[in-house]
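The values are calculated or read from the model by the stated rules, or taken from the named source; none is laboratory data. What you see is a predicted model; the values in this text were computed from it and never measured. We place every Cβ from the backbone using ideal geometry, glycine too, and count neighbours over all the protein chains shown. For accessibility, only protein heavy atoms count, side chains too; no ligands or nucleic acids. Shrake-Rupley method; radii C 1.70, N 1.55, O 1.52, S 1.80 Å.
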Amino acid sequence: MNYTPLLLSLKIASIATIIVFIIGIFLARIIARNSFPGKNVVESIILLPMVLPPTVVGFGLLYLFGKNGIIGSLLLEWFNFQIVFTWIGAVIASVVVSFPLMYQSASAAFQNFDLNIENAALTMGASKWKVFWTISFPLAFPGLLAGTVLTFARALGEFGATLMIAGYIPNKTETIPLAIYFAVESGNMEAATFWVIIIVLLGFSSIMWLNWWTKRNILRFSEINNKR
């Protein structure tokens, strides 16, 4: 059995999750704590990939990163590099499709604690950077972790947009969802069943671990409050 789809899927999902985690926290932090004209429009655009068919997202990515696309043509002209039909294209697809999950979780996490805690630290002379890492981030961490796990699981299972921009190239862009689809297309039900079991186990393990971690920390928080 060729395990390239598993290794490639884990690689793409991990890179996509790191990118989404950093950008998601940055945007959620800025947007959640500020009001400005057009905020609803901005948030609607950010969350749009969550409700659009993945093929529509993939079409948009092709429009941007294809050889004749706005960004793709520049990359080809300046660096002789193309994103279409590469694993990098699969990463971009996973980032775009999974980003709304991280943004929603991070936005909710930053709004769920009292802003006065941050203001008190700022009043005492702490820098905004120090306040974020010592107060805001730890308080929002449970929500951020939930968003991270969901982002990884979603990136791992991304299919439609990936097929549009990365295509199906064995050992190069063959993620688990693509391996399942084309195994079924070729009548190789044994391989398809194997990869279905693998991706179900990965997704189930991720969600189960997140639920266990959440319940454990809720219980620990309750015990601390009872001791007080």
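Is it true that Ala155 is touching a Lys or Arg at 6+ places or on another chain (Cβ under 9 Å), modelled with pLDDT of 85 or more and either surrounded by fewer than 18 Cβ atoms within 10 Å (Cβ to Cβ) or within 18 Å of Val20 (Cα to Cα) (or both)?
Values: touching a Lys or Arg at 6+ places or on another chain (Cβ under 9 Å): no; modelled with pLDDT of 85 or more: yes; either surrounded by fewer than 18 Cβ atoms within 10 Å (Cβ to Cβ) or within 18 Å of Val20 (Cα to Cα) (or both): yes.
Spelling it out, it is not the case that Ala155 is touching a Lys or Arg at 6+ places or on another chain (Cβ under 9 Å), modelled with pLDDT of 85 or more and either surrounded by fewer than 18 Cβ atoms within 10 Å (Cβ to Cβ) or within 18 Å of Val20 (Cα to Cα) (or both).
Contact map, the range 154-180: first residue free of Cβ contacts under 8 Å to residues at least 24 places away in the same chain, second residue part of a helix (DSSP H, G or I) and open to solvent by 20 Å² or more (accessible area, probe 1.4 Å), Cβ cut-off under 7 Å, separation 6 or more or different chains; pairs are Tyr168/Phe182; Ile180/Val196.
Count of the range 61-71 residues, restricted to those that are surrounded by fewer than 17 Cβ atoms within 10 Å (Cβ to Cβ) and assigned to a loop (DSSP other than H, G, I, E, B), is 2.
Residue check: is Gly58 modelled with pLDDT under 95, open to solvent by less than 50 Å² (accessible area, probe 1.4 Å) and at positive phi? In short, no. Set side by side, the residues Asn2, Asn80 differ, and just one is open to solvent by 50 Å² or more (accessible area, probe 1.4 Å) and touching an Asp or Glu at 6+ places or on another chain (Cβ under 9 Å), which is Asn2.
Just one of the listed residues (Pro49, Pro100, Pro53, Pro37) is in contact (Cβ under 8 Å) with a residue 24 or more places away in the chain and surrounded by fewer than 12 Cβ atoms within 10 Å (Cβ to Cβ), namely Pro53. Against the condition closer than 14 Å to Val149 by Cα, among the hydrophobic types (A, V, I, L, M, F, W, C) and either outside any helix (DSSP H, G or I) or out of contact with any strand residue (DSSP E or B) (no Cβ under 9 Å at 6 or more places or on another chain) (or both), how does Trp195 come out, does it pass? No. Checking Ser105, Ser98 one by one, the residue that is among the hydroxyl-bearing types (Ser, Thr, Tyr), under 17 Å from Thr17 (Cβ atoms) and in contact with a Ser or Thr (Cβ under 7 Å, 6 or more places away or on another chain) is Ser98 and no other. When you check Ile46 against the structure, is it modelled with pLDDT of 95 or more, closer than 17 Å to Arg154 by Cβ and among the hydrophobic types (A, V, I, L, M, F, W, C), yes or no? Judged against the criteria, Ile46 is not a match. Annotation note: of Phe113, Phe132, Phe65, the sole residue that is more than 17 Å from Ile30 (Cα to Cα) and not polar (S, T, N, Q) is Phe65.
Test of understanding: among Ala28, Ala13, which residue is closer than 30 Å to Met189 by Cα and either open to solvent by less than 30 Å² (accessible area, probe 1.4 Å) or over 12 Å from the mean Cα position of the chain (by Cα) (or both)?
Numbers: Ala28 fails: closer than 30 Å to Met189 by Cα.
Only one candidate qualifies: Ala13.
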